[in-house]
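Let me begin by presenting the structure, written as C-alpha cells, before commenting on it.
The values are calculated or read from the model by the stated rules, or taken from the named source; none is laboratory data. Since the model is a prediction, treat every value here as computed from it, not as a measurement. Please note: Cβ atoms are built from the backbone with ideal geometry, for glycine as well, and neighbour counts cover all protein chains shown. Side chains are part of the model used for accessible areas, which takes the heavy atoms of the whole protein and leaves out ligands, DNA and RNA. Shrake-Rupley method; radii C 1.70, N 1.55, O 1.52, S 1.80 Å.
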Amino acid sequence: MPHLVAPSVLSADFANLQRDVEMINRSEADWFHVDVMDGVFVPNISFGFPVIKAVKKYAAKPLDVHLMIVDPDRYTQAFKEAGADILTVHLEACTHLHRSIQNIKSHGMKAGVAINPHTSIHLLQDIIADIDLVCMMSVNPGFGGQKFIENTYTKVKDLRQLIGDKKSQALIEIDGGVDLNNHKKLVECGAGVLVAGNTVFSSANPTETISLLKK
Ligand code: DX5
Ligand code: ZN
C-alpha cells in the first residue's frame, strides 16, 4: 500500500482556515492531521472543539486527531461529535490504555496510540494487535517546526518487526520534522503515514510540496 500524507493543520493560517482546508482537499493529501494540546501534557495550547468543527465543515478527507492531553477518555464522545475519524491518545497519558482504546472503538472511530521520542516501542507489544495506528513522535510534542530526531529510523524498523510478529494491521505514522530530505528514508524503514506541518505550510507551493511528499 502506498504511504499516506497528513498535513498538520497546526501550521495552517487560522485566519484563512477554509482556504487552507480547501487547498488540502484539492491536493494529493490523504488525511488532515489535527493536533490538540492542553498546556498540561505538553507545554503549549493549540485549539479545541470549535476549530475542529470548523475544519470538519469543509474537509473532504478523514480527520486524524492527535490528542496531546491528559485524561483523554473524558472527551471521546465530544471528539467523535466534532468530526474525528481517527482518534489518537498518548501512551504516556493513559493509565488504562486498553480501556481508552476500546472506548474510542466503541464510538466508531479508528484508534491510535502516540509515543514520545523516549518511549520504547516494546511498551506497545500488548496493545499493538488492538490498534489501527501508532503515531511515533519524531520530535518532543508541543510545537510545529522542530528538528527531526534521527533515532526515529531505528524505532520505525523495530516497530515494523513488532507489527509483523504480532500480526497487527497498525499503520506507523511519523509526526514531527518530516521534510523532503527524510521522507523517503522513513517510508523505506516502514512508515505508512507522514505528518507534515511546517514543510507543507511554509513552502512556496504547499500543493506541490504535498505531491513531492507522496512520491
Ligand atoms: C507536534 C505535533 C505535530 C506538528 C508537526 O507536537 O504533534 O503534528 O504539527 O509539525 P512539523 O511537521 O512542523 O514538525
Ligand atoms: Zn501531531
Practice prompt. Among DSSP beta bridges whose residues both lie in the chain, state the antiparallel percentage, nearest 5.
Written response: 5 percent
Worksheet entry | Karplus 3J(HN,Hα) series, Hz, for region 81-87 with 6.51 cos²θ - 1.76 cosθ + 1.60 (x for Gly, Pro) | 5, 6, x, 5, 9, 10, 10
Worksheet item: Once phi is turned into θ = phi - 60°, what whole-Hz ³J(HN,Hα) does the Karplus curve with 6.51, -1.76 and 1.60 give for every residue of region 29-44, x standing for Gly and Pro?
Response: 4, 9, 9, 9, 9, 10, 9, 10, 10, 9, x, 10, 5, 10, x, 7
Item to complete: Rounded, prolate or oblate: pick one for region 4-214, where a ≥ b ≥ c are the square roots of the eigenvalues of its C-alpha gyration tensor, a/c under 1.5 means rounded, and failing that, prolate if a/b is larger than b/c, else oblate.
Response: oblate
Item to complete: Please sort 44-53, 86-95 by packing, taking for each peptide the average over its residues of neighbouring beta carbons within 10 angstrom, highest first.
Response: 86-95, 44-53
Discussion item. For the pairs LYS56/LYS147; LYS53/LYS214; LYS157/LYS184; LYS80/LYS167; LYS110/LYS215, flag any whose C-alpha to C-alpha distance is greater than 19 Å.
Written reply: LYS56/LYS147; LYS53/LYS214; LYS80/LYS167; LYS110/LYS215
Worksheet item: Got a number for the accessible area of ILE131? Probe 1.4 Å, square angstrom, nearest 10.
Response: 10 Å²
Worksheet, complete the sentence: Reported to the nearest 10 Å², LYS185 has, with a 1.4 Å probe, an accessible area equal to 100 Å²
